[in-house]
Amino acid sequence: MSAMPAPLLVIGWGNLARGDDALGPLCLERLAAALPPDRRAAVELLVEHQLAPEHALDLAGRARVLFVDCDAALAQPIAARALQPQRDASAFSHALSPAALLQVYQQLHGAAPPPATLLALRGERFGLGEPPSAAGLAALDAGVAWALAWLAGGAAAA
Amino acid sequence: MPSPLETAEHPERLRRVAIDPLSRVEGHGKVTLLLDDAGRVQQARLHIVEFRGFEQFIVGRPYWEVPVMVQRLCGICPVSHHLAASKALDRVVGATGAHAVPASATAVRRLMHYGQVMQSHALHFFHLASPDLLFGFDSEPQRRHILAVAEAHPEIARQGVLLRKYGQEVIRATAGKRIHGTGSVPGGVNRLLSDEDHALLLRDAPQMVDWAAGAVALARRLHESDAALYRHFGEVPARMLSLVRPGDGALELYDGVLRVREADGRLLLDGASDQDYLDLIEEAVRPWSYMKFPYLRRLGAEDGWYRVGPLARVQNCSFIPTPRAEAARQDFVAAAGGRVAHGALTTHWARMVELLHAMEVIAESLHDPALRAGELTASGPRQAEGIAAIEAPRGTLIHHYRVGDDDLVSHCNLIVSTTHNNQAMNEAVRAVARQYFDGRALTEGLLNRIEVAIRAYDPCLSCATHALGRMPLDVTLRAADGRPLDRLLRDGDGLCQPADPAGA
């Protein structure tokens with residue numbers, strides 16, 4: 001239902017009301033402010049509460065995709081890795097993982113999804129109504145810098 | 001409490017089985033079973049093991065922020081909270097009676113709501129329930145996932161994604177954004193449907209109605225493929241509570257009066273105003289779960305529980321006011337042989353009847369000129385309190401606020417659909433435990449049956465927050481003295497692996 005999509009897509013998700021769970025959306029907010037005007041047409045920033053199957057449709061026509069989320073199990077402030085389509089399952093959740101979303105794309109379109117990278121930001125506090133933690137905000141700073149380099153074509157997944 | 005299997009007489013002598021999704025998600029659920037030496041189930045409970053506290057999060061906020069803030073309750077049905085809060089706060093801004101919300105604003109809100117119900121039902125049926133239904137409860141865990149459905153039934157998976165996408169587009173067009181929209185405000189809306197969005201939605205509506213009808217046909221075929229299983233799996237006779245349209249009792253999801261039927265279909269109560277919900281419903285607390293147990297006051301805490309959601313609504317209403325969904329409802333009723341259906345799996349068929357109804361309402365309402373022209377808001381004498389009920393995808397949702405002279409919320413009470421269904425879900429767990437567990441060896445397939453019964457209610461236990469790679473099942477068997485005997489882990493790929501019980 002939309003015109004030609006921007007070649008670069010960044011999806012950040014999380015609950016703004018739950019501390020570090022907001023790091024993904026906050027990262028996109030910072031990217032929106034930091035993007036040079038001449039780069040804005042080439043980038044779509046998509047903030048979501050969680051990933052769901054229809055987001056596979058948002059991946060179509062992209063040159064590269066970056067997923068940004070918090071990660072409670074991360075030892076270092078940020079980590080980035082290339083994603084491959086992969087099945088997973090959940091017990092009672094309504095949400096998909098980014099790798100499962102790529103798999104949905106592959107099934108729907110009968111083709112490989114665009115190259116995708118996951119940028120994980122370390123989170124440690126998730127209480128309702130809490131602000132992000134100091135560690136989360138430090139990870140956010142590092143993540144924004146990494147994402148800007150990725151948008152410029154200079155960052156590589158570790 | 002009253003139900004058999006809710007509390008065993010000597011739990012210390014029994015061995016414990018826990019189905020525990022280890023996540024940090026809001027209000028996540030856990031099932032525990034206590035088995036005696038013969039392997040018979042003596043106690044079965046669905047626990048909610050985290051305190052939500054969302055009401056306190058709202059108290060102290062300016063009332064006009066609330067319709068946006070409450071969307072953070074839920075990642076999958078934020079629109080239901082957005083609209084329930086707006087409806088309650090309509091009363092606070094005096095938008096009632098002679099100053100009622102304008103017809104154009106109501107038309108936009110209704111379109112938003114039916115878009116939300118449609119996309120939520122599509123997500124559940126195509127992406128959560130269909131793997132169990134298409135492949136069976138004992139299929140390999142790796143197959144019980146939407147991705148396996150996509151491989152084996154690509155057209156079904158594609159239609160599911162596109163139906164949900166269409167519902168999301170309805171939400172974007174009416175709420176302004178795909179998530180956390182701001183379209184509905186106390187007293188009305190802040191936008192009407194644009195001509196461009198109207199044309200896009202109108203263009204695809206007939207196709208979506210046809211696909212929705214196809215989903216009903218699929219649900220019916222699955223039911224007919226094993227009618228005894230679908231009728232009796234997790235079967236729990238329960239009263240049914242929902243909104244219906246005033247006067248004629250038609251299915252009504254946005255605004256109506258409360259009706260309750262007995263489990264055998266007799267009317268118990270009809271035409272009750274949502275403004276009197278506190279006279280009708282009370283909530284009990286039990287020490288083993290953070291989720292309350294609502295019940296009908298006139299019947300008391302022990303006997304007054306009920307079911308909400310699609311299975312209740314489709315059988316509680318007098319008819320469905322759109323033609324194809326009404327024909328589908330009549331098929332559903334006929335298949336039950338004139339009796340009320342209470343099997344957990346029949347919920348899926350009822351949910352698809354509602355999906356078709358929601359899509360028919362959307363298609364029909366797109367011809368209403370009020371969506372694109374008219375007043376946005378109304379207001380009248382300021383009030384100190386507002387109450388509203390709406391039928392969210394999972395069932396009746398009640399919002400209640402008191403607002404001080406300083407415009408700050410001083411009291412907030414929310415009864416969400418999954419809470420209404422707390423006792424019914426617990427009873428479904430017990431029904432499955434009695435039916436499948438007694439005296440048998442534990443297998444992953446048996447444990448999945450418990451989850452299938454819970455999933456039929458589409459409970460919203462875990463969608464408010466999330467984390468990367470944190471949703472396994474951890475099942476531990478313990479001896480009567482509490483020693484861990486065995487342990488099974490199911491990881492994020494759906495694979496089961498034995499684990500060291502000492503690590504439990």
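In the context of the full set of protein chains, residues of the range A:11-52 present 33 Å² of accessible surface per residue (probe radius 1.4 Å, heavy atoms only).
The B-A contact accounts for roughly 4500 square angstrom of buried accessible surface, both chains included, probe 1.4 angstrom.
For chain A, the share of accessible area belonging to carbon and sulfur comes to 56 percent (1.4 Å probe, ligands and nucleic acids excluded).
With contacts taken as Cα pairs under 8 Å and at least 6 residues apart, the range A:8-151 reaches a relative contact order of 34 percent.
If you wrap the tightest convex hull around every Cα atom of the range A:8-151 and split its volume per residue, you get 106 Å³.
Mean per-residue shielding of peptide A:12-22 is 5, counting Cβ atoms of other chains within 10 Å of each Cβ. For the pair B:Leu278 and A:Ala75, label points projected 7 Å from Cα toward Cβ lie 5.5 nm apart. When all protein chains stay in place and ligands, DNA and RNA are ignored, the 1.4 Å accessible-area order of B:Trp305, B:Trp64, A:Trp150, largest first, is B:Trp64, B:Trp305, A:Trp150. The charge dipole of chain A, taken about the Cα centre with unit charges on the Cβ atoms of Lys, Arg (+1) and Asp, Glu (-1), comes to about 340 debye, rounded to the nearest 20. All alpha carbon pair distances within the range B:153-234 were sorted into 5 Å bins beginning at 0; the resulting P(r) in whole percents reads 3, 13, 16, 16, 14, 13, 9, 8, 7, 3, 0. 3J(HN,Hα) along the range A:79-85: 8, 10, 8, 5, 10, 10, x Hz, from the Karplus curve 6.51 cos²θ - 1.76 cosθ + 1.60 with θ = phi - 60°, whole Hz, x for Gly and Pro. Distances between placed amide hydrogens fall under 5 Å for B:Ala456 paired with no residue 5 or more residues away or on another chain. Within the range B:142-279, the percentage of alpha carbon pairs spaced more than 22 angstrom apart rounds to 65%.
The values are calculated or read from the model by the stated rules, or taken from the named source; none is laboratory data. Worth saying up front: this structure is predicted, and the values here are computed from it rather than measured. Here Cβ is always computed from backbone atoms with ideal geometry, including for glycine, and neighbour counts include all displayed protein chains. In case anyone asks, the SASA skips ligands and DNA or RNA and just uses the protein heavy atoms, side chains included. Shrake-Rupley method; radii C 1.70, N 1.55, O 1.52, S 1.80 Å.
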